[in-house]
Each structure stands twice: as structure tokens, then as C-alpha cells.
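The values are calculated or read from the model by the stated rules, or taken from the named source; none is laboratory data. Just so we're clear, the structure is a prediction, and the values are computed from it rather than from any experiment. Cβ coordinates were reconstructed from backbone atoms using ideal geometry, including for glycine residues, and neighbour counts include every protein chain displayed. Keep in mind that these areas ignore ligands, DNA and RNA; they rest on the heavy atoms of the full protein, side chains included. Shrake-Rupley method; radii C 1.70, N 1.55, O 1.52, S 1.80 Å.
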There are 2 protein chains.
Amino acid sequence: MTERVEPSQPDLADLTIGVLGGTGEQGRGLARRWARAGLRVRVGSRQAQRAVAIAHDVAAGLPDADVAGDVNASVAAVSDVVVVAVPYDGHAALLATLVEELRGTVVVDVVNPLGFDKQGAFALAVPEGSAAGQAQSLLPGSSVVGAFHHVSAVHLLDDALAEVDTDVLVVGDDRAATDLVQRLADAIPGMRGVYAGRLRNAGQLEALTANLISVNRRYKVHAGVRLTDV
Amino acid sequence: MTERVEPSQPDLADLTIGVLGGTGEQGRGLARRWARAGLRVRVGSRQAQRAVAIAHDVAAGLPDADVAGDVNASVAAVSDVVVVAVPYDGHAALLATLVEELRGTVVVDVVNPLGFDKQGAFALAVPEGSAAGQAQSLLPGSSVVGAFHHVSAVHLLDDALAEVDTDVLVVGDDRAATDLVQRLADAIPGMRGVYAGRLRNAGQLEALTANLISVNRRYKVHAGVRLTDV
């Protein structure tokens, strides 16, 4: 795919991509894919030692990889774009501590607020309408984008899988930020970033993950989403 | 695709498919596709005369089509499966009048409760969580299924389009009913019915239509949804 880089859009190779909660499967999987794509990645965790260990795993077998780990606040401070991949449980509490570190930063919220019971997964009610909306309300100085909600961690972490066959639906109110996040999706082979509306329409993308979990159970798969006609 | 018909599943050719609100684009488009597939279709409207006129359009150029039109209540009473394709505005009011006619019937809710403003489409808050949930609460004697939310009416109504390239995500709590609705999707060339969870997860499918409207505007397309790995 030929990529047209707009003058206002930075070269991805010049950016530092931070992944908060990089010790979870989703964060680790995205970090691994970006490291494989040759991008500079910083893995954040509550404990520096744990982050360093995960960074080591993320860079395994990639001699040229530029990957390091540190506590979440340090990663937030040095990164140009920060992916929030923590459990919904600790989402608000973590972001509330990073208001200054994330000021002026593009924040990519990948969190799915879900509950589980005997009948499977269901969407939790979020006062701000979505995890991404909650992030934007906690981080008024940041540009929050919702994306990567439906990407299978199993597929991301499967090194034998050359491509991750899915579209990434990207929502946000700042065009430069959503453009950048689409390009972060495009940087992973098989993935395609597709603009899918404003931040107020993030909640249903997060909640859709509950449906995909039902699909996965019924059909014994790791379902992804593709849009037709785009 | 080879279809395995379970013994408990009726032959689609033996069923009467009612479409309430068949005068809207979505209802008319589905009715047309099922008529083209050789199924028996009844088109419902508030006015019998209008329903008859639409039925005539739906059957146009299909000499063997079994299509007729009548008022909504009569269509509901004679149909084995009833598709509700009315505007959300009149959704609750209509269903409240059809409790008896729809008793024991599979009701397929395709309604998307959306609002529109200068920034595009957004999901409306529905007290019951979704239009489909509202239908189930109004129709305790019916088995409500959510489906066909994302199918482009433009594509449905384009006779030159042999196939409608999309998956149909089907949610509901009654396995026989969701199986039947998946088969109604499979009956339309290009479409595939995919089970996507319980009725409590219908709201995000309805709301996702707001995102698809944003996709359509940005990319000048009529987007559909496909699930990968299924």
C-alpha cells in the first residue's frame, strides 16, 4: 500500500510510542507488532522492573528493535503518542495521575469496559459514555482517540502470523490525531485504520467487543472486523 | 455454501415473512431481496393502499413472486416471522398495539435509534438498552431477535447488485429464533448470518450504525461489516 504522508503528519519512525499497561496481553501484543515494524516503543507498567522484563520480551529476536520499559508516568512523559491498554478497573485512577505527562499528547484508548457473568460478556455502563470519553474528560489537555478495541491479543502475540487480518475502527474529534492513529494501524501488516466517527461514538465500539466474545465462543475463532465497500 | 437444516428448523419456503414498515427503504429493500430469493413476503404499512402499492413494487419483474401488502396488524397476524423496520420514533407505539398478533412469533428488530446533528449521527439513549430490548419488553409473548442493522438500503434496493456483500450480526436469547434469522440472512446472496450474542448486547449493534454513517461520509461508500476468522 502506498502511503501518502501529509506535510503535517510526522514520520512514524521519528515518534516514540508509549504503551501504558504494556504488561497486559493487548498492550504487549500491540507493542510487539510495532517493534516488529521497526518503530520505537516504550512499555509502561506500575513497576519499572516488570516493564523492563516485558520490554525484553517485546524485543525478543528483533536485533534492531528500539524497545525499553519504565513506570507508566515516565513512559507517558517521553512518548509522542500513548496507548492506554490497562484494565477498565484501573483506567480512571491511572489517567488522573498523568494529566501533566499526557498534556499535548495523542492518547489512544483501547480499553473495553466489559462485565462477565454466566451468560457471557456484556457492556458496562460508563458515566462518560465510553472509556475513551472518560479519558478525554480526565485529560483535557490531550487529544484522545479510541481504536484497536477489536484486535485479538492472541493474533497480535502469535509471531507465526505474518498479518493481522482486521480493520481498526478509529474514533476521535481531532483530525490530525485520528489520521496518526490510522497510520499506526496501517503500520502493522494486515491491519487497516479506518476513520469511524467522533469520540461520542466510541462507546459502541468498546461494547461491540462483548459481541465478538460471543462470536468467538460460538464459532471457536478469534474474530476481527472488516468493513466492506471502503 | 452447504446449509445444514436441523430437523427442528422449518423450510424457509413454508414461511410467511412479514415486514412492518415495509414502506421505508430498509424494509422495502429486505422485502425485495427475499422476494427475489423466492420467499413469501407480506409488506405492512399503516395504510393498506400504500402497502399494496409497495408490495407491487417489491414484486416488480418477478413473475413468480408471492408478495402482498396490508395494514401492519394484518401482516403481523398472518406472518411466521415479522421484521420490524419502522422509524424508532414510532417503534414503541406500533409494537404496543400488536402484542396479540405477534404472540408466538419471531420478531426481528432492525431499528437503529439514532439522532443527527451538525456533527453527524449519534446513538440515542434507549431506556431498555436497545430498540430490540424495548421490543422484547413490549412483546413478552414473542421471541425478539436483533439483526440487519448495518445493511445498506441503497445496496438492497439496487437490482443490478447480484450480491449484498456483508455479514448480518444476529443477537437474541432464543437459539431457534437466532438460527432462523441467520438463515433469512443466508437466503440473500452475499449475506451471511452470524450469531453475535444475547439480546442484552443489541444496543451496541444498533449504535454502530452511527459509526458506519461516519465511514460512509468520510469515504463516500456504503459500508458493510464482515467478521474475519469466522
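Data for the structure
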read-out: Three-way shape label, chain B, alpha-carbon gyration tensor, a/c 1.5; value: rounded
read-out: Positive-pole candidate from B:129, B:168, A:17, dipole of the protein assembly as shown, charges at beta carbon; value: B:129
read-out: Candidates B:44, B:27, B:18, ranked by Gaussian network fluctuation over chain B, Cα under 10 Å, top entry; value: B:27
read-out: Counted charge near residue A:102, where neighbours are those whose Cβ lies closer than 12 Å (Asp, Glu -1; Lys, Arg +1); value: -3
read-out: Geometric extent, Cα atoms of the range A:55-94 - Rg, Dmax (angstrom); value: 12.4, 36
read-out: Size of charge dipole - the protein assembly as shown - debye, nearest 20, with Cβ of Lys, Arg +1 and Asp, Glu -1, no other charges; value: 240
read-out: Hull volume in cubic angstrom per residue (convex hull over the Cα atoms of the range A:138-177); value: 106
read-out: Modelled FRET efficiency - R0 56 Å, residue A:48 with residue B:62, Cβ distances, 0.05 increments; value: 0.20
read-out: Eligible lysines near residue A:118 by straight Cα distance, threshold 25 Å, same-chain separation 8 or greater; value: A:220
read-out: Candidates B:192, B:218, B:36, ranked by Gaussian network fluctuation over chain B, Cα under 10 Å, top entry; value: B:218
read-out: Residues listed by number, the range A:139-155, amide nitrogen under 19 Å from residue A:219 label point at 7 Å toward C-beta; value: A:149-155
read-out: Candidates A:41, A:99, A:19: whichever shows maximal mean-square fluctuation once chain A is modelled as a Gaussian network with Cα springs under 10 Å; value: A:99
read-out: Accessible area of residue A:100 in the full protein assembly, 1.4 Å probe (Å², nearest 10); value: 120
read-out: The range B:15-100 - Debye-derived log10 I(q)/I(0), Cα point model, q = 0.14, 0.17, 0.18, 0.26 Å⁻¹; value: -0.38, -0.56, -0.63, -1.28
read-out: Environment charge of residue A:134, counting only residues whose C-beta is closer than 13 Å and scoring Lys/Arg +1, Asp/Glu -1; value: -3
read-out: Among beta bridges that DSSP assigns inside the range B:109-230, antiparallel share in %, nearest 5; value: 50
read-out: Summed buried accessible surface, chains A and B, 1.4 Å probe, nearest 100 Å²; value: 3300
read-out: Nm distances between copies for residue B:10, ranked from closest, using label points 7 Å along Cα→Cβ; value: 6.2
read-out: Per-selection Rg to Rh, the range A:119-230 - Cα, Kirkwood hydrodynamic radius; value: 0.98
read-out: Relative packing of peptides B:63-71, A:115-123, A:197-205 - highest average C-beta neighbours within 10 Å first; value: A:197-205, B:63-71, A:115-123
read-out: Placed amide H near residue B:144: partners under 5 Å, 5+ positions off or other chain; value: B:107
read-out: Reciprocal mean inverse distance between Cα atoms of the range A:36-158 - Kirkwood radius, Å; value: 15.5
read-out: Counting all C-alpha pairs of the protein assembly as shown, share separated by more than 42 Å (%); value: 21
